[in-house]
Amino acid sequence: MATERIILGIDPGTTIMGFGVIEVVNKKMKFVQLNELMLKKYDDHYTKLKLIFERTIELIDTYHPDEIAIEAPFFGKNVQSMLKLGRAQGVAMAAGLSREIPITEYLPKKIKMAITGNGNASKEQVAKMLQQMLKIKELPKNLDSTDGLAAAVCHFYNSGQPNIGTPYTGWDAFIKQNEKRVKK
């Protein structure tokens, strides 16, 4: 009996949100889709968040993922950028949680390590490795979509392993796991 599951990977962003979808059948990965949501043309941050939520819901309704893997924001020097990126991630997570889909966050270095064996690999190196691994004919111009796909592949490689990332199975689990952060 074949065991199947669909993994949606998301690279959240307020300029470009990248995503990729893989299908897993009997422990083998198969490329399904990669694309991006272009948000550059919108000036209003709240409009961007609304579009991220709506696109994530659309992806869920189209591909019916069993799990979502999302790239966690990295800590940069610009606090405003971090705040906006965190909001984008939160909105994508809220879309998945609203449909009760388990979500796991992965740090960028963990994703790069899973794909290339090097936590400091470039976006180009990750994209090329995914292209070979999943037999993708042509890579997109922007590599945000391959970053989303990389999150999905990272989740596939880390499935069933202890301490794979931060999983959330619903709102209750998310709140419980983040109570300490909120109370600080």
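Tell me, please, whether a residue that is surrounded by fewer than 14 Cβ atoms within 10 Å (Cβ to Cβ) and part of a helix (DSSP H, G or I) can be found in the stretch 64-78.
no
Given the residues 96, 18, which is the only one that is buried (at least 19 other Cβ atoms within 10 Å of the Cβ), in a strand (DSSP E or B) and either in contact with a strand residue (DSSP E or B) (Cβ under 9 Å, 6 or more places away or on another chain) or of a type in the set (D, E, K, R) (or both)? Before you say what the answer is, go through the steps one by one.
Values: 96 fails: in a strand (DSSP E or B).
Just a single option satisfies the conditions, and that option is 18.
If I ask for residues that are under 23 Å from residue 98 (Cα atoms) and in contact (Cβ under 8 Å) with a residue 60 or more places away in the chain, which ones from the stretch 23-64 would you list?
If the condition is that a residue be under 23 Å from residue 98 (Cα atoms) and in contact (Cβ under 8 Å) with a residue 60 or more places away in the chain, then 34, 35, 36 are the ones that fit.
Any residue at all in the stretch 47-70 that's of a type in the set (Asp, Glu) and in contact with a Leu (Cβ under 8 Å, 6 or more places away or on another chain)? Outline the logic, then answer.
At the first step, the residues of the stretch 47-70 found to be of a type in the set (Asp, Glu) are 54, 58, 61, 66-67.
Still in the list and also in contact with a Leu (Cβ under 8 Å, 6 or more places away or on another chain): 67.
Yes, the stretch 47-70 has at least one match.
For the stretch 32-49, which positions are among the hydrophobic types (A, V, I, L, M, F, W, C) and either surrounded by fewer than 19 Cβ atoms within 10 Å (Cβ to Cβ) or touching a Cys at 6+ places or on another chain (Cβ under 6 Å) (or both)? I'd like the intermediate steps shown before the answer.
Our first condition is that a residue be among the hydrophobic types (A, V, I, L, M, F, W, C); within the stretch 32-49, this holds for 32, 34, 37-39, 49.
32, 38 - these are the residues of the stretch 32-49 that are among the hydrophobic types (A, V, I, L, M, F, W, C) and either surrounded by fewer than 19 Cβ atoms within 10 Å (Cβ to Cβ) or touching a Cys at 6+ places or on another chain (Cβ under 6 Å) (or both).
Tell me which residues, restricted to the stretch 74-91, are within 23 Å of residue 156 (Cα to Cα) and free of Cβ contacts under 8 Å to residues at least 40 places away in the same chain.
Hits for the stretch 74-91 are 74, 90.
Quick note: the coordinates plus some simple rules give every number you see, no bench work behind them. Owing to the predicted nature of the structure, the values given are computational and were not obtained by experimental measurement. Reconstructed Cβ throughout: ideal geometry from the backbone, glycine too, with neighbour counts over all protein chains shown.
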